[in-house]
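Here's the structure, in structure tokens; my notes come after.
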Amino acid sequence: MTYQFDFSALLPYWEQLLRGCWLTIVLSGASISAGLVIGILAALAKQSRFAAARIAAGTYVEIIRNTPFLVQVFFIFFGLPTLGISFQPWSAAILALSLNCGAFSAEVIRGGIDAIARGQYEAGTALGLKPLQIFRHIILKPALRIIFPALSGQFVLTLLTTSIVSSISAEELTSIAQSIDTLTFRSFEIYIVATVLYLTMSFGFATLFKLIDRLYFSYPVK
Amino acid sequence: MIRQFGLSEALAIFSGVQATILLSLIAFVGGGVVGLAVALMRTSERTWLQRCAGFYIDFFQGTPLLMQLFLVFYGLPVLGYKVNPWIAVAIGFTLHASAFLGEIWRGSIQAVPRGQTEAAYALGLSYVTRMRNVVLPQAMRISIAPTVGFMVQLIKGTSLAAIIGFVELSRSAQIIASATYKPLLAYGCAGIVYFVLCFPLSRLSMRLEKRFAVKT
């Protein structure tokens, strides 16, 4: 092997790389927050009394789950402007990521709602709790507890998916790495660094969520 | 001059589906072979083998698929291998698939009741016989639904090959979109083709999951 690795060429760009990490985290945070709202709405719609709502939510979930994220981003960023709806790269990225995240978390959330036995509501009423108290203490918390591991997995998945929005030149870690690549021509090195940064972020968040899970959701089941 | 979006353009997009299917199949078969080794290592009794496989899986599950493709695409020439794009993406997706399939199959192997392995021990069966005739056939039943589910993920994942210039379904949609200036139609067509490929597999996976869930 004759190739000389030169990571020092990347040193002047460390601030940009850190900024890239921060943008990636902000993008993931914004998308998962909006995605959760969409997911809750879709999960509720799927259980609705109205067939139209059920069909609409089902169609949305299936379309998103069965087409690649790249095509969804391109459709929103390049396709929708021909109908007169145009976005900045970042807004298009957040929209696409939220829609994607919403479809995947809808199933998770539905599982959580289903898992809460009907008896829980009735037990709450029997204890004389107010509806809001029932919701907070014996519906929301157990439901969150059940879906929390899956939701934190969804967050990490979203974090990794954000790299794809570099293809519409939305600014985040991958697109910043690409621009450093064109400035330094150290392709292999820059992508090794970016990969390590992604790895650090995904492990950092996975650990953080495990901690939260242990702190807030650990109490004896039986 | 801007091309019209007609039947021939729709067909041009559709022709990309061949590369998508072929790439998915290569990745699935290659990933299956490597993935089985990863799963066996992960469930082995030797700690160092477990750790190696664990690290391998964590790496691929903790980094974006796009980065993995970039590393293979820019890394192979650096290591002295001049390969064509087909081989580069095939290697990239095979490695990616092997880690995910390895993890799915690890779970399935561990889901086989412990008594089965103990019974095989008691009968004095060798590792190979125990795995081949006792554990793996049972693990396979458990793994079918998530494996089919992963195929959907893999087919969708191959779209990222478009970013490094590999011509498949997404890339041909991109080409037609810029030639006709009808991105909505072009990406819509590509989306429909992906949907037609993935939806039946998703449904199959869900149905298998339900069937095995009732029986066990």
At the level of C-alpha centres, the distance separating segment B:41-95 and segment A:120-158, in angstrom, is 40
Quick one: order B:Lys210, A:Lys46, A:Lys141, B:Lys82 by neighbouring beta-carbon count within 10 Å, fewest to most.
B:Lys82, B:Lys210, A:Lys141, A:Lys46
Can you give the helix-only mean residue ellipticity at 222 nm for chain B, where every DSSP H stretch with n ≥ 4 adds -39500 (n - 2.57) and the sum goes over all residues, rounded to the nearest 500 deg cm²/dmol?
-26500 deg cm²/dmol
Simple SL model, points at 7 angstrom along Cα→Cβ for A:Arg214 and A:Leu18; separation in nm is 2.9
Say we join alpha carbon atoms closer than 10 Å with springs in a Gaussian network model of chain A; which of A:Val71, A:Val165, A:Val108 then has the biggest fluctuation?
A:Val71
So what is the relative contact order for segment B:7-215, in percent, with contacts set as C-alpha pairs under 8 Å and at least six apart?
29
Test item: A:80-86 mean partner chain Cβ contacts at 10 Å
2
Roughly what % of Cα-Cα distances in segment A:13-216 sit above 32 Å, to the whole percent?
28
Counting Lys and Arg as +1 and Asp and Glu as -1 over every other residue whose Cβ sits under 12 Å from the Cβ of A:Trp22, the net charge comes to -2
In degrees rounded to 10, the 0-90 angle between helix A:14-46 Cα long axis and the longest Cα principal axis of chain A is 30
Highest-MSF residue in chain A out of A:Ala143, A:Ala177, A:Ala56 [GNM, Cα springs under 10 Å]:
A:Ala56
Per the helix-only calculation at 222 nm, which mean residue ellipticity applies to chain A, given -39500 (n - 2.57) for every DSSP H run of n ≥ 4 and division by its residues, nearest 500 deg cm²/dmol?
-23500 deg cm²/dmol
Using a Förster distance of 25 Å, the FRET efficiency for A:Arg49-B:Arg211 (Cβ separation, nearest 0.05)
0.30
Would you calculate the separation in nanometres between label points at A:Val26 and A:Leu144, each defined as 7 Å from the Cα along the Cα-to-beta-carbon direction?
2.6
Can you put A:Ile138, A:Ile212, A:Ile176 in order, fewest other beta carbons within 10 Å first?
A:Ile212, A:Ile138, A:Ile176
So, over other residues within a Cβ distance under 9 Å of B:Val38, counting Lys, Arg +1 and Asp, Glu -1, the net charge is +1
Post the alpha-carbon centroid distance, segment A:53-71 to segment B:140-216, in whole angstrom.
12
Calculated from backbone phi, Karplus (6.51, -1.76, 1.60) coupling profile of segment B:95-106 in Hz, x at Gly/Pro
4, 4, 5, 5, 5, 5, 5, x, 5, 4, 6, 4
Running a GNM on chain B with Cα contacts under 10 Å, which residue among B:Arg114, B:Arg106, B:Arg203 ends up with the highest mean-square fluctuation?
B:Arg114
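Every read-out reported here was derived from the displayed coordinates using simple, explicitly stated rules and does not represent laboratory data. Quick caveat: nothing in here was measured; it's all calculated off a predicted structure. Neighbour counts are summed over all protein chains in view; Cβ atoms, including those assigned to glycine, are modelled from backbone coordinates with ideal geometry.
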